[in-house]
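Peer 1: To start, I am sharing the structure in question, which I have written as structure tokens.
The values are calculated or read from the model by the stated rules, or taken from the named source; none is laboratory data. Note that this is a predicted model, so its numbers are computed, not measured. With ideal geometry, Cβ positions are generated from the backbone for all residues, glycine too; neighbour counts draw on all protein chains shown.
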Amino acid sequence: MGRNKRYDGEDIVVTFDLQRCVHARNCWLTLPEVFDPSRRPWVLPDAASAEEIAAMVRTCPSGALQYERKDGGEDEAPSGTNTAQITENGPIRLKGDIRFGDETMTRATLCRCGLSKNKPYCDGSHLKGHFRATGECDVTDKDTAEGLGGAVEITENPNGSIKLEGNLEVINGNGRRIARTNAVRLCRCGQSNKKPFCDGSHKAAGFTTQE
């Protein structure tokens, strides 16, 4: 986790990790009275109810925004089904019970263009790099999941793919299931001919995860 900024309110605390932000703008579009990047401080956690703020934060795809309830309300819990959504010309959106090293999270966006300076997370570099890859992927017959829930572990293969291990549905940009699996290797070099899956193209492309 990066360097979180903390915004304390009477009933809720909002934290923000700039390194994880992909500028989806859900926060500002939904609750501009609370979240306004043109203002300092840009988060006013007392400008709406704790329930409204918590509901909005749960829509932040990258997990850059998190919350802690101080009013006795429930903290965020993983969704019942782990999903990896392939976005049009953009990152992989993970949602569920996600583990990466010693970090546990419920939301994350993973780079698949190969350009991020904050790998394995997306940092928006696909926009400047004009990355192009459809989110409407072919459905496969892969179905090796052993249920719906449980933890999904992220593993970075050096200079290669991202491996996700655990019960997971890979879905396209419209939410249609592509595969149901308990282990999958996803492309993050931007070169695979079988996107979103890795086909080994990172080797010929000389892809490196070193900055």
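Peer 1: Out of VAL13, VAL57, which single residue is more than 17 Å from the chain's Cα centre (by Cα), on the phi < 0 side of the Ramachandran plot and modelled with pLDDT of 95 or more? So that I can check it myself, show each step before the final result.
Peer 2: Details: VAL57 fails: more than 17 Å from the chain's Cα centre (by Cα).
The match here is VAL13.
Peer 1: Just one of the numbered conditions (1) in a loop (DSSP other than H, G, I, E, B); (2) within 18 Å of PHE100 (Cβ to Cβ) is not true of GLY175; which one?
Peer 2: (2)
Peer 1: Next up: Looking at HIS126, HIS130, HIS23, which one is within 13 Å of the chain's Cα centre (by Cα) and not β-branched (Val, Ile, Thr)?
Peer 2: HIS23
Peer 1: A further question on this structure: Please find, within the range 59-74, the residue that is nearest to GLY90 (Cα to Cα) out of those that are buried (at least 17 other Cβ atoms within 10 Å of the Cβ) and of a type outside the set (Ser, Thr, Tyr). Break it down into steps so the answer makes sense when it comes.
Peer 2: Taking the range 59-74 and keeping what is buried (at least 17 other Cβ atoms within 10 Å of the Cβ), we get 60-67.
Narrowing the set further to residues that are of a type outside the set (Ser, Thr, Tyr) leaves 60-61, 63-66.
Working: CYS60: 15, PRO61: 12, GLY63: 16, ALA64: 17, LEU65: 19, GLN66: 22 Å.
Among those that are buried (at least 17 other Cβ atoms within 10 Å of the Cβ) and of a type outside the set (Ser, Thr, Tyr), it is PRO61.
Peer 1: A further question on this structure: So, in the range 1-43, of the ones that are among the hydrophobic types (A, V, I, L, M, F, W, C) and part of a helix (DSSP H, G or I), which residue ends up surrounded by the most Cβ atoms within 10 Å (Cβ to Cβ)? Step through it out loud before you land on a result.
Peer 2: Of all residues in the range 1-43, those among the hydrophobic types (A, V, I, L, M, F, W, C) come to 1, 12-14, 16, 18, 21-22, 24, 27-29, 31, 34-35, 42-43.
Subsequent filtering for residues that are part of a helix (DSSP H, G or I) retains 18, 27-29.
Values: LEU18: 12, CYS27: 25, TRP28: 16, LEU29: 11.
The extreme case among them is CYS27.
Peer 1: Separate question: When only residues in the range 192-211 that are surrounded by fewer than 19 Cβ atoms within 10 Å (Cβ to Cβ) and among the polar types (S, T, N, Q) count, which is nearest to VAL139 (Cα to Cα)?
Peer 2: The selected residue is ASN193.
Peer 1: Ok, one more. Considering only residues that are among the hydrophobic types (A, V, I, L, M, F, W, C), out of contact with any Ser or Thr (no Cβ under 9 Å at 6 or more places or on another chain) and without any contact (Cβ under 8 Å) to a residue 60 or more places away in the chain, which ones fall in the range 76-113?
Peer 2: MET105
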